[in-house]
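This report concerns only the one structure given below.
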Amino acid sequence: MMGPELERLVMLLAKLPGFGPRSARRAALSLLQKREVLMRPLADALLAAAEAIRPCSVCGNLDTTDPCGLCADARRDRATICVVETVGDLWALERAHAHKGLYHVLGGTLSALAGQRPEDLSVEPLLRRAASGEVREVILATSATVDGQTTAHYLAGRLRDTGVAVTRLAHGVPVGGELGYLDDGTLTAALASRRPA
Amino acid sequence: MPPEPHIEAMTDLPPLALTRLTLSRFRSYPALDLATDAPVVVLAGENGAGKTNLLEAISLLVPGRGLRGARIGELGHRAAGESAGGLWAVAGRFVTPLGPLTLGTGVEDAAATRRTFRLDGAPPRAQADIAARAAAVWLTPQMDRLFQDGASARRRFLDRLVWALEPSHAREVAAYDTAMAERNRLLADGRADPAWLDALEDQMAQHGVAVAAARRMLLARLNAALAGGIAGAFPAAVATLDCSVDASLAEVPALAAEDRFRAALAAGRGLDASSGGARLGPHRADLVLTHAPKGLAAALCSTGEQKALLVGIVLAHAALITASRGAAPLLLLDEVAAHLDNARREALFAALPGLGAQVFLTGTEAEIFAPLSPAALLLTVRPGEAVARGAGARFGAAQRRVSGV
């Protein structure tokens, strides 16, 4: 039997990605068992984050400053913008230290079936940034799904008038991957994207 | 000259064989544990005994919707008075060219919308991992309607044949369908952004041409196999596609076919909007089958001739899979003797050993399968159980093993 406070905690935890009712109950129990070392610091961190973190008005990243730390960093290449679907994708690219330029977070992908239209995404701000004169290349780093590729194609068309170079991520063999374990689609994409050795 | 097919040659298990089938709350079976370690397994029983349920269970051990195309909510066992089935599971133990394999599938959560798989006890990384280890092809009485049904049933039949040889085909079909559904929605809204439509039509062109090319490749191989007499005494069918994108692929390379299809979609937006969807594309394709010896459209053939054409296609397809993978798929033949005359039935039984496949056959009369008896395990199916009557011996031998639980 759970009291209303615990029930509410479990219900809220169950709304987190990757959580279901069972894992939410486990997490709630673990928090309660580590009340001082985990639960209170977590509650403080959640409150502080909710108060301080805001979307960057330039790129859509999440940070405590606006513009965000990435947009304000003078060492980054301001001539290159990498367009990603979500802040999670931005974090993934930052973890890889693969991109030294700026970012632009779209906020999702186009999807007529899900009611996600161009005006629901950060498309116009991207076009304004691309046309600012400072940008030479826009890299479209959307997912290799139908919606991701449709969005990339759409953006490439809209960016054409700005005169900047528009590129897409390559699809192919993952680093450390063995060819024998790749699916046919990935192998076909890798062959199509081959380049001089 | 090739050796004559010989039933006794099938006494060894084929390279890919199901040796044990376990059902838990599946269809008419509360529980069942069945040894199937024979090259030919005959399931005999009265109508409604549960023979096809066993074939369906086997067909679900490979990815797809099984031989009935059923939704997962329909597969759970229903006790008297229950309106819907709940959790269910099917497991199979196999011998394969790469060693023993255990496959399982079922619904673990009442709220699940799709079934889950286990490969040697662990969730597979992708369903393609299962498709790479095990395969099954089937022929059911429902497929007899193929020639009378609409084009969509024939497209599904064709796509299943392609998918068995080219697992990525399912992904291309799904991607094409998604892009088309998005475009249909935009056109229906009446305020379509042209750049968005361009993007969706580009996706439709890429995936649509890939779908059409895979179908075209399969039909070329199938026609060549049938023309080469791979189906033995069964009449060869000639299969062609009635499809605008396929016609383009016959004339120009794939990239040019993409350009053509993309341009046709862009030019047809107005008409597509008023007709409620794309009027051109591989989603409109129809599989056209012709009885080669007679030069007659399959739809105009007799029921028996249609059945013989289908048997020929399924046998040729199984042979293509064998050539491609090195091991024959499981062959599931439901009530296959229906509509076949004695000569064709004998021809079928003679053709089976040459395929090197483990074969599961169902029928109401066990004696029909007597010519297969030296190699066959005969199981008498009664509601909720299957009883082995003899293996490696003539039909009618004493009961060897009771496997129903």
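Structure values in brief
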item	result
Segment A:42-67 residues that are closer than 15 Å to A:Val84 by Cβ, paired with ones that are surrounded by fewer than 10 Cβ atoms within 10 Å (Cβ to Cβ) (beta carbon under 8 Å, 6 or more apart)	none
Of all residues making up segment B:50-72, the number that are touching a Ser or Thr at 6+ places or on another chain (Cβ under 8 Å), in a loop (DSSP other than H, G, I, E, B) and at negative phi	4
Set B:Ala132, B:Ala175, B:Ala164, B:Ala112: member being surrounded by 13 or more Cβ atoms within 10 Å (Cβ to Cβ), in contact (Cβ under 8 Å) with a residue 24 or more places away in the chain, of a type outside the set (Val, Ile, Thr) and assigned to a loop (DSSP other than H, G, I, E, B)	B:Ala112
Looking only at segment B:328-356, and only at residues there that are in a loop (DSSP other than H, G, I, E, B) and out of contact with any Ser or Thr (no Cβ under 7 Å at 6 or more places or on another chain), the one that is modelled with the highest pLDDT	B:Pro329
From the options B:Ala225, B:Ala205, B:Ala213, B:Ala195, residue that is away from chain A (no Cβ under 14 Å) and not charged (D, E, K, R)	B:Ala225
Among (1) free of Cβ contacts under 8 Å to residues at least 40 places away in the same chain; (2) in a loop (DSSP other than H, G, I, E, B); (3) under 15 Å from the mean Cα position of the chain (by Cα), the one test that A:Gly107 misses	(1)
Segment B:219-273: number of residues that are hydrophobic (A, V, I, L, M, F, W, C), in contact with a helix residue (DSSP H, G or I) (Cβ under 7 Å, 6 or more places away or on another chain) and closer than 25 Å to B:Leu300 by Cβ	13
Residue list for segment A:118-162, restricted to those being free of Cβ contacts under 8 Å to residues at least 12 places away in the same chain and closer than 29 Å to A:Ala190 by Cα	A:Val146, A:Gln149, A:His153, A:Gly157, A:Arg160
Unmet criterion (only one of (1) more than 14 Å from every other protein chain (Cβ to nearest Cβ); (2) under 20 Å from B:Ala57 (Cα atoms); (3) buried (at least 17 other Cβ atoms within 10 Å of the Cβ)) for B:Arg155	(2)
Filter pass, A:Gly115 being free of Cβ contacts under 8 Å to residues at least 12 places away in the same chain, within 12 Å of chain B (Cβ to nearest Cβ), closer than 24 Å to B:Asn184 by Cβ and surrounded by fewer than 20 Cβ atoms within 10 Å (Cβ to Cβ)	yes
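For every residue, the table says whether it meets (1) surrounded by fewer than 18 Cβ atoms within 10 Å (Cβ to Cβ); (2) closer than 30 Å to B:Ala175 by Cα.
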position: A:Ala74; (1), (2): yes, no
position: A:Asp77; (1), (2): yes, no
position: A:Ala92; (1), (2): yes, yes
position: A:Thr109; (1), (2): no, yes
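The values are calculated or read from the model by the stated rules, or taken from the named source; none is laboratory data. Because the structure is a prediction, the values reported are computed rather than measured. All Cβ positions, even for glycine, are placed from backbone atoms using ideal geometry, and neighbour counts span all protein chains on display.
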